[in-house]
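Structure record follows, encoded as structure tokens.
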Amino acid sequence: MNNLIETRKKVYANFPQKGKNILSTDIVLFYDINDDDYNALTKVTQNFICKSLSLVHGKEFVWSDTFLEDNDDLIQVLPNKTPNGILNPKKETASEFEEIIKVVNTILNNTNIYPHIKKLAIPNIRYKSINESEEAKNRPYYTSKIHSDAWVGHKGDSIFLIGILGDISNNTVEFNEPINPHNNYLHKADSFDEGNTRYDSLKYLGQLDKQILGIMDHACAHRTLVKADSGPRISLDIAVLVDSNFSHANNERFDENAYAYYEANIIKTIGLTNKITVEESIFDSTSTKIQITNA
């Protein structure tokens, strides 16, 4: 056993108190997003999804309150969708995806979080259906099982989460604190089942909800939680390295160059002096390489 949780709490010691939601804990921080920024994020995400669907299915799509339920089957077969639900930007949708990043930059600035970020990855837009194949459920890293993102090899500090569209309250993310985490708790795991042998018990901390920026440390044990009679949802997640002396970036075994992290000042320039480019077409289901180039 070790003092992992106490050490991880120190990573966020200097994060702003203003705007912090009352549900915040030491390893999961919640910040309220203002109405204008949240509405802007929902709009640009809708545009990105509708453009992707229109290109692939050859017809116009107009957003509605039941859009995700009505189009679940069509979203599920998008060639730019990965097995774990990430909707990748492609050559034809790079400009729509860039608009998402611009709004995320605004949110991180307006919550005063950006000064505490050293590096971050390109955001992921993620679709979570309520209908999943048995093959997905049998994956060793199935996200409906309790897990830490460190168990799949993430070596940063935290994941930033925003629930954007759909049934965020019922198709959500549940957060827990591991009690008595073992010394290997943050090491890569062979499976989530194996990772769940690395602590004694769990303390429930809360769940993701709408119009909230959630900052989840890798010490947090969490899972996708799909409640009864819920609907699909769209969320956003970002891998982050925190600018702190307690960050994993300062661990001698940590190689921050092994992952596609960018300096915060580089991501801030997207939509201004830099832009997003992707070579692969949306009809190409192979891996997606996102580049930041001069605008």
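Taken together, the values in this text are just the output of simple stated rules run on the coordinates, not laboratory data. Everything numeric in this text was worked out from a predicted model, so none of it was measured. Cβ atoms come from the backbone with ideal geometry, glycine included; neighbour counts cover every protein chain shown.
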Ordered by packing density, taken as the mean number of other Cβ atoms within 10 Å over each peptide's residues, highest first, how do 188-197, 280-289 rank?
-> 188-197, 280-289
Once the Cα atoms of helix 94-110 and of the chain are each reduced to a long axis, what angle between those two axes, in degrees from 0 to 90 to the nearest 10, is obtained?
-> 40
Euclidean distance between Cα centres, segment 201-236 to segment 164-194, Å | 9
Cross-link partners among aspartates and glutamates for residue 102, C-alpha distance below 13 Å, same-chain residues fewer than 8 apart left out?
-> 37
Under the Karplus curve 6.51 cos²θ - 1.76 cosθ + 1.60, θ = phi - 60°, whole-Hz ³J(HN,Hα) for segment 3-12, x wherever Gly or Pro sits | 9, 3, 4, 4, 5, 5, 4, 5, 4, 10
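Going through the cross-link list 51/90; 210/275; 59/90; 20/275, which pairs have a Cα-Cα distance over 22 Å in this structure? Walk me through the intermediate numbers first.
On the way: 51/90 11 Å; 210/275 28 Å; 59/90 18 Å; 20/275 31 Å.
Among 51/90; 210/275; 59/90; 20/275, the Cα-Cα distance tops 22 Å for 210/275; 20/275.
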In whole angstrom, the spacing between the Cα centers of segment 76-131 and segment 10-41 equals 18
Sparsely packed trypsin sites (Lys or Arg not before Pro) within segment 1-105, loop by DSSP, other Cβ within 10 Å at most 10 | 18, 59
State, to one decimal in nm, how far the label point of residue 251 lies from the label point of residue 65, with both points 7 Å from Cα in the Cβ direction.
-> 4.6
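Let me know the charge dipole size of the chain about its Cα centre in debye, to the nearest 20, where only the beta-carbon of Lys, Arg (+1) and Asp, Glu (-1) is charged.
Numbers: 31 positive and 40 negative charges, 121 e Å.
Result for the chain is approximately 580 debye, rounded to the nearest 20.
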Pseudo-spin-label distance residue 18 to residue 203, built 7 Å along Cα→Cβ, given in nm, is 3.0
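Given R₀ = 22 Å, FRET efficiency for residue 229-residue 54 by Cβ-Cβ distance, to 0.05?
Numbers: r = 30 Å, r/R0 = 1.36.
For residue 229 and residue 54, the calculated efficiency is 0.15.
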Degrees between helix 35-57 axis and first principal axis of the chain (Cα, 0 to 90, nearest 10) | 60
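Pick out, in residue order, every one of the chymotrypsin sites (Phe, Trp or Tyr not before Pro) in segment 86-161 that is DSSP loop and has at most 14 other C-beta atoms within 10 Å; say none if there are none. Could the numbers behind the result be given before it?
Working: sites: 97, 127, 141, 142, 151, 160; in loops: 141, 142.
Those that pass, being in a loop and sparsely packed, number zero.
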